[in-house]
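The values are calculated or read from the model by the stated rules, or taken from the named source; none is laboratory data. Quantities reported herein were computed from a predicted structural model and do not represent experimental measurements. All Cβ positions, glycine included, derive from the backbone under ideal geometry; neighbour counts span all protein chains shown. When the accessible area is computed, the model is the full protein with side chains, heavy atoms only, and any ligands, DNA or RNA have been set aside. Shrake-Rupley method; radii C 1.70, N 1.55, O 1.52, S 1.80 Å.
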Amino acid sequence: MLRIVAFYLLVFSACASATQLDRIVPNQAAMSAEWHWQTPQGKYQQLILQFSEQQLTQSKVETFRLNYSLSYPSQAISAYLSPRLQHAVNMINQYIDEPEQRVDDILTTLSSQNNSPSSQLLWEAYQQYTRDAFRHLGLLPCIHPRGAQYPCVRPNYSQLFYRNRQRINGLSEFFKQQDVNLALAEVQAWLLTIPQKQENIIGFSSPIDVLTDNLADSDERALLLAIVFSKLAPDHPLYMVYPASSIGSASPAWLTVDASSGIEGPTVMIDNRAHTLVSGSVELIKEMLLADVQMISDALY
């Protein structure tokens, strides 16, 4: 565990150094990735993307932080909460005159039914810092399908979408054209050149890591497609769809668009709303829906 924490700190130190370097040489490429494929119309395509040292470091930090949080949610949330709650206790006790009303133990105070001002202030701080922790770690809380007591968390796909949307503008520009359905077909053809990796419920790679590693599972592929597609058709709502029983990095996962958009593709009904699939196995999601598997339709924006 100490090695993991030490590595975490080193990665963040590297991020700070890379940020300083990028201010000096903002356009210097540290790595490039290249793909060759044919469009559905048989046209030969070549795509080259370049990434700066800052982009690569940001992506590695994000991937490590999310993977650690999915693997050890209690430890990750506690590491964020503990110093902040201790600071809150120090500030609360500083303004409490009566010794018996001061906060001596955080867990005891939070679990008690005490309505004293110090207890209420600590509880408010706990709720605020918990929300901050999930946002910082890129997580969403969920309910464990088997009723286990340990935390159930998933990636916050909407947050990851917005955090990464500006990092790969060149990719969207490459596929941009007037015919949205044709552009989508070309993006999907390119995505097929990225090999499929084994689904991992406690691992998630950010979009730049997917591009540099040239590997993706279903939810990583869906998020990457969402970032590109949102620039091609920004007016159409996009959704990540996955089984409600999924723990951690939800797999399998599908990217869908509201069926009223006019985007061509298979249509499925989820939560009494028509979705058009733009990524993922059509056969698999239909099998799940026929088996009454509960699905979550998570709006990205």
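So what's the net charge close to residue 137: Lys and Arg +1, Asp and Glu -1, counting the other residues with Cβ under 13 Å from its Cβ?
On the way: positive: 65, 131, 135, 154, 163; negative: 62, 132.
Result for the neighbourhood of residue 137: +3.
Amide H neighbours of residue 30 under 5 Å, at least 5 residues apart or on other chains, H built in the peptide plane: list them.
Under 5 Å from the amide H of residue 30: 51, 52, 53.
Residues with beta-carbon under 14 Å from that of residue 48, excluding residue 48: net charge, scoring Lys, Arg +1 and Asp, Glu -1?
Details: positive: none; negative: 34, 173.
Around residue 48, the charge tally is -2.
Would you pull out the residues with amide H under 5 Å of residue 238's amide H, same chain only if 5 or more places away, H placed 1.01 Å from N?
300, 301
So what does residue 201 come to for accessible area, using a 1.4 Å probe and Å² rounded to 10?
Surface open to solvent at residue 201 totals about 90 Å².
For segment 259-301, with all protein chains present and a 1.4 Å probe, just round the carbon and sulfur fraction of the accessible area to a whole percent.
On the way: 1250 of 2460 Å².
Heavy-atom surface of segment 259-301 belonging to carbon and sulfur, 1.4 Å probe: 51 percent.
How large is the convex hull of the C-alpha atoms of segment 92-189 per residue, in Å³? Let's see the in-between values first.
Details: hull volume 17.9 nm³, N = 98.
Output value, Cα hull per residue: 183 Å³.
Return the Rg/Rh value of segment 152-224, two decimal places, where both radii are evaluated on C-alpha atoms and Rh is the Kirkwood radius. Please list the in-between numbers first.
Numbers: Rg = 13.0 Å, Rh = 13.3 Å.
Taking Rh as the inverse mean 1/r over Cα pairs, Rg/Rh reads 0.98.
Taking just the alpha carbons, could you work out the radius of gyration and Dmax for segment 202-301, both in angstroms?
Rg and Dmax of segment 202-301, Cα atoms, are 13.1, 38 Å.
For segment 207-291, what does the accessible surface come to per residue with a 1.4 Å probe? Please give it in Å². Before the final figure, lay out the partial values.
Working: 2880 Å² over 85 residues.
Heavy-atom accessible area per residue stands at 34 Å².
Okay, helix-only estimate at 222 nm for the chain: each DSSP H run of n ≥ 4 adds -39500 (n - 2.57), divide by all residues, round to 500 deg cm²/dmol; what do you get? Don't skip to the answer; put the middle values down first.
Details: 11 runs with 149 residues, N = 301.
Only helices count here, giving -16000 deg cm²/dmol.
Find, among the trypsin sites (Lys or Arg not before Pro) in segment 136-211, those assigned to loop by DSSP (not H, G, I, E, B) with at most 15 other beta-carbon atoms within 10 angstrom. Don't jump to the answer; show the numbers that get you there.
On the way: sites: 146, 163, 165, 167, 176, 197; in loops: 146, 165, 167, 176, 197.
In loop regions of segment 136-211 (DSSP not H, G, I, E or B), the sparsely surrounded trypsin sites (Lys or Arg not before Pro) are 146, 176.
Over segment 61-125, what is the relative contact order in percent, taking alpha-carbon pairs closer than 8 angstrom and at least six residues apart?
Working: 35 pairs, mean separation 17.4, N = 65.
Taking the mean separation of contacting Cα pairs over the length of segment 61-125, I get 27 percent.
Quick one: Cα convex hull volume of the chain, Å³ per residue? Show your work: numbers first, answer last.
Values: hull volume 52.1 nm³, N = 301.
Roughly 173 Å³ of hull volume per residue.
Under 16 Å Cα to Cα from residue 231, which lysines show up? Leave out anything in the same chain fewer than 8 places away.
Excluding near neighbours in sequence, the set is 176.
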